[in-house]
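Student: Quick one: the structure is below, questions incoming.
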Amino acid sequence: MDLEILPLSSESGPEFSAFFDHLDYSYKPDWQGCYCLYYHSTCDDAGWRARSPAQNRADALDLIARGEMRGYLAYAEGKCVGWCNANALAALPRFAGSPELAQFDARTGVIICFVIHPDFRGKGAARQLIRAALEGFRREGFARVLGLPFEWKEHPELQYHGTRAMFAEAGFETLNEDERGPLMVLNL
């Protein structure tokens, strides 16, 4: 299934937020209201849990308007059905100070989150989003892109970082691995 993949922009911010507003989070209620803001935040985990969905929505829309939250939206027949957070590593404060990521410079991008409408999961939407993100990173002159996938085969709906297979198919190689999963890199 071919989807239309478009970069997030200030004009598509309302579609982005409407997509998140109407998803069913019954399988993981604490994700309701994230608006893919977690990696853009600077608060500790307790502070994150204390934030309301309305705060996250407003802050996400503000970051989108300023061009600081970046990624790609997937559309089927004009309706938003998916999202991929694809940004500069330096633009994601949650990773600041990570010893594992300290080796990477400002020319490093990261593909960190996928949110796919349940009707479109397992049909290649995330793979199309990865391809679009890689094209965007190349156009912008990034040197490399990181992927941080993990796999919960018993709970595929929780694989919001993508899977090892998706990233490997796109040409990423495993740099190292720990209990959270692999750190994968693609040199552009």
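The values are calculated or read from the model by the stated rules, or taken from the named source; none is laboratory data. Everything numeric in this text was worked out from a predicted model, so none of it was measured. A quick note on method: Cβ atoms are made from the backbone with ideal geometry, for glycine too, and the neighbour counts reach across all protein chains shown.
Student: Looking for something under 21 Å from residue 125 (Cα atoms) and hydroxyl-bearing (Ser, Thr, Tyr) - is there at least one such residue anywhere in region 44-52? Let's see the steps before the verdict.
Tutor: Just the residues of region 44-52 that are under 21 Å from residue 125 (Cα atoms), to begin with: none.
No, every residue in region 44-52 fails to be under 21 Å from residue 125 (Cα atoms) and hydroxyl-bearing (Ser, Thr, Tyr).
Student: Which of the numbered conditions does residue 113 fail, given that it passes all the others? Conditions: (1) over 13 Å from the mean Cα position of the chain (by Cα); (2) under 19 Å from residue 17 (Cα atoms).
Tutor: Unmet for residue 113, out of (1) over 13 Å from the mean Cα position of the chain (by Cα); (2) under 19 Å from residue 17 (Cα atoms): (1).
Student: Mind telling me which of the residues 128, 159 ends up being among the polar types (S, T, N, Q), at pLDDT 95 or above and surrounded by 15 or more Cβ atoms within 10 Å (Cβ to Cβ)? Reasoning before the result, please.
Tutor: On the way: 159 fails: at pLDDT 95 or above.
Result: 128 is the single residue among 128, 159 that is among the polar types (S, T, N, Q), at pLDDT 95 or above and surrounded by 15 or more Cβ atoms within 10 Å (Cβ to Cβ).
Student: Let me ask something additional. Please go through region 1-27 and give me each residue that is at pLDDT below 90 and more than 23 Å from residue 110 (Cβ to Cβ), ordered by number. If you could, list the steps in order and put the result at the bottom.
Tutor: Here is the first cut: in region 1-27, the ones at pLDDT below 90 are 1-2, 22-27.
Within region 1-27, 1, 2, 22, 24, 25, 26, 27 qualify.
Student: Follow-up. Within region 89-106, take every residue that is on the phi < 0 side of the Ramachandran plot and out of contact with any helix residue (DSSP H, G or I) (no Cβ under 9 Å at 6 or more places or on another chain) and give me the one that is surrounded by the fewest Cβ atoms within 10 Å (Cβ to Cβ). Talk me through it step by step, then tell me what you get.
Tutor: Filtering region 89-106 down to residues on the phi < 0 side of the Ramachandran plot leaves 89-96, 98-106.
Among the residues that remain, those that are also out of contact with any helix residue (DSSP H, G or I) (no Cβ under 9 Å at 6 or more places or on another chain) are: 90, 98-100, 102-103.
Numbers: 90: 15, 98: 12, 99: 6, 100: 13, 102: 10, 103: 9.
The selected residue is 99.
Student: While we're here: How about region 92-188: which strands (runs of 3 or more DSSP E) wholly inside it have at least 1 residues that are touching a residue at least 60 places away in the same chain (Cβ under 8 Å) and either small (Gly, Ala, Ser) or more than 20 Å from residue 71 (Cα to Cα) (or both)?
Tutor: Values: elements: 108-116, 144-147, 173-178, 181-187.
Where strands (runs of 3 or more DSSP E) fall fully within region 92-188 and carry at least 1 residues being touching a residue at least 60 places away in the same chain (Cβ under 8 Å) and either small (Gly, Ala, Ser) or more than 20 Å from residue 71 (Cα to Cα) (or both), they are 173-178.
Student: Something else about it: Looking at region 131-188 only, could you name the residues that are touching a helix residue (DSSP H, G or I) at 6+ places or on another chain (Cβ under 7 Å), of a type in the set (Gly, Ala, Ser) and farther than 28 Å from residue 32 by Cβ?
Tutor: Once the filter is applied, which keeps residues that are touching a helix residue (DSSP H, G or I) at 6+ places or on another chain (Cβ under 7 Å), of a type in the set (Gly, Ala, Ser) and farther than 28 Å from residue 32 by Cβ, region 131-188 yields only 170.
Student: Residues of region 28-62 being modelled with pLDDT under 90 and closer than 27 Å to residue 78 by Cβ, which ones?
Tutor: 31, 32, 33
Student: Could you list, in sequence order, all residues of region 139-156 that are at pLDDT 95 or above and surrounded by 13 or more Cβ atoms within 10 Å (Cβ to Cβ)?
Tutor: Step one: of region 139-156, the residues at pLDDT 95 or above are 139-147.
Of everything in region 139-156, those that are at pLDDT 95 or above and surrounded by 13 or more Cβ atoms within 10 Å (Cβ to Cβ) turn out to be 142, 143, 144, 145, 146, 147.
Student: Would you pick out the residues in region 59-89 that are closer than 20 Å to residue 32 by Cα and touching a Ser or Thr at 6+ places or on another chain (Cβ under 9 Å)?
Tutor: Selection gives 59, 60, 61, 64, 73, 80.
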